[in-house]
1. I'm trying to understand the selection: among the residues of segment 427-476, which are open to solvent by less than 20 Å² (accessible area, probe 1.4 Å), farther than 28 Å from LEU333 by Cβ and among the small types (Gly, Ala, Ser)?
2. So LEU276 clears everything in (1) part of a loop (DSSP other than H, G, I, E, B); (2) surrounded by fewer than 23 Cβ atoms within 10 Å (Cβ to Cβ) except one condition, right? Which one?
3. Whether any residue in segment 327-338 is aromatic (Phe, Trp, Tyr), open to solvent by 30 Å² or more (accessible area, probe 1.4 Å) and in contact (Cβ under 8 Å) with a residue 24 or more places away in the chain is what I want to check.
4. Could you list, in sequence order, the residues of segment 461-489 that are in contact (Cβ under 8 Å) with a residue 24 or more places away in the chain and farther than 21 Å from GLY418 by Cβ?
5. What pairs can you find where one residue is in segment 286-315 and in contact (Cβ under 8 Å) with a residue 12 or more places away in the chain and assigned by TED's automatic domain parsing to the domain that holds ARG267, the other is more than 7 Å from the ligand (Cβ to nearest atom) and open to solvent by 30 Å² or more (accessible area, probe 1.4 Å), and their Cβ atoms are less than 6 Å apart, with a gap of 6+ or different chains?
6. Can you say whether GLY368 is crowded, with 20+ Cβ neighbours inside 10 Å, of a type in the set (Gly, Ala, Ser), assigned by TED's automatic domain parsing to the domain that holds ALA426 and in contact with a Phe, Trp or Tyr (Cβ under 7 Å, 6 or more places away or on another chain), as far as the supplied structure shows?
Amino acid sequence: MAAQEPNQQTAEITASVKTEENEAEASTSSESNPASFAIDRSAIAQDRALLDEELALLGEHVAVYSQETLEHGFLSQVDQALEQQSHSQPQSQKASKFAQLVTAKTDDRVRFGELTPFELSAKQETSANDDDAGHHDDHQDEREPKPSSVPRAPKGDDDDEFEKAAASGSEYAPSGASSDSGLDEEADIDFNEEEELKPSSSKKQSIKSVKKRAQSSKSYQLKDDGDDKTFEKRMKALNDEALEKQIERDTYSTGHVDAHELSAGLRIPLSIWSRLYKYQKTGVRWLWELDQQSVGGVMGDEMGLGKTIQVISFLASLALSQLPVHGFSWKGLGPTLIICPATMMYQWVKECHQWFPKCRVAVFHQTGSFRGQKQRLISKMATARKDGSILITSYSTMTKERKLLLNHEWHYVILDEGHMIRNPNAQITMAVKEVRTPHRVIMSGSPLQNSLKELWSLIDFIYPGRLGSLQTFTEQFSIPITQGGYANATPVQVRTAYKCACVLR
Ligand SMILES: Nc1ncnc2c1ncn2[C@@H]1O[C@H](COP(=O)(O)OP(=O)(O)OP(=O)(O)O)[C@@H](O)[C@H]1O
């Protein structure tokens, strides 16, 4: 016991010195930060235990508190300050929202994909003011029965899981799942250049011949649209297919697309909406909320849950809605850059062709179909197109050809497997941060792998400067959170870590 006493005393002294620093920081930053607070030292001091020996050592300017008293006083005042700010400051809604955010526990409705965090806070606000449940919100539609005729995406490894979920009535069941569209069969069939596709303008053309040509279009669905001829042929085949369906439905002349309307006028084709799983619909709404607030986001759904589908569905709805884009000349969906591992580029092409077929999707990589000067492909794809224009490239091509890609403005930049930029000093991280775009999205089933530094790197991409410099972030968040996670962390370290984590959230 005797050997432990000096250690304990040292801990107390350290704690008190840190508190003084904190107090100074709190008072200087209280104007800018709505949740800053000042520690009432006198309240804590009532119970403090003065240790004469330490005072003698450190001089009269250093106050020494018992660790227990300090912890109790410090934490209760943090709680009180946050509580007070959330209730007693009608003039500062921002402050009260911040406090709610810090003290709130994760709501299950958000965790299980029923509501986006934005919707949850809007819901809480409205229910506080008005208990009337009669108002409309988008996710109510999810409870509606869906048409069962919409074809299901090609079978993948995860389909069994989806089917099991559908059978058990889980929320993961898609509303309109039915048969496989057979895209997987197309991989090995070569496109026959000799086969001429005749013009399809006449309605008199027999449905049979249109069907035949539409089927032939499948032969090149897995090629990207970098090459003009390939793209034109795909579009022609698509028109044929559409014509075939539209003859049956007689909507060819109007070009009308049945759509589900989300908030602020975003229209998503019903053919997509009815195929999405419930949590995917939430994901699309969340992407739209981020867009409206001009902030980026990390889509962290686990592997195979359909992040690609959610992103493509959202992009398709932007193109369909043709809403003006603030500060840019394009409308609807501007040019979009997707960066992913090389092995996934054609997965994107395939999914885009299936879920957003009118969009031009080119692969900027040596495996792409484009032949010619690289600049030409990039300029073409960086020019806005009414039905969307998506350029897909790999991380290594992005690093090598950064200059060409950085010459243009992009409406969206999406990093699939975005944890590739977890090293803040890596060339790829610095390259993607330079891209000129108002909207940045990271998709990753495992955004954090080793340290909080990786989180900083990711967030600094989607929201540049939000977490300050790496050094500040390390001092104010990374170190306290890491310390609180140690097995021998003191209660105050644990609570501090928790608070830091909440603020970070
Ligand atoms: N609503 C849906 N209807 C039919 N198929 C779907 C749906 N959502 C996802 N899928 C299918 O599930 C598979 C996995 O989807 P996807 O590739 O989008 O997942 P992911 O989360 O991006 O995966 P990863 O993290 O591995 O990239 C794909 O074959 C996709 O077509």
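The values are calculated or read from the model by the stated rules, or taken from the named source; none is laboratory data. Predicted model only: the values in this text are computed from it and were never measured. Ideal geometry is used to build each Cβ from the backbone, glycine not excepted, and the neighbour counts take in all protein chains shown. With ligands, DNA and RNA removed, areas are computed over all heavy atoms of the protein, side chains included. Shrake-Rupley method; radii C 1.70, N 1.55, O 1.52, S 1.80 Å.
1. none
2. Single failed check for LEU276: (2).
3. Yes, there is a match, as at least one residue in segment 327-338 is aromatic (Phe, Trp, Tyr), open to solvent by 30 Å² or more (accessible area, probe 1.4 Å) and in contact (Cβ under 8 Å) with a residue 24 or more places away in the chain.
4. Residues satisfying the conditions are GLN476, ILE481, THR482.
5. Listed by first residue and then by second, the contacts come to GLU289/PHE118; SER294/PRO438; VAL295/TYR463; GLY296/TYR463; VAL298/PRO447; GLY300/PRO447.
6. So GLY368 does not fit the description; no.
Rundown of residues vs (1) within 16 Å of the ligand (Cβ to nearest atom); (2) not aliphatic (A, V, I, L, M), yes/no style:
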{"site": "GLY265", "(1), (2)": "no, yes"}
{"site": "TYR277", "(1), (2)": "yes, yes"}
{"site": "VAL298", "(1), (2)": "yes, no"}
{"site": "GLN322", "(1), (2)": "no, yes"}
{"site": "LEU337", "(1), (2)": "no, no"}
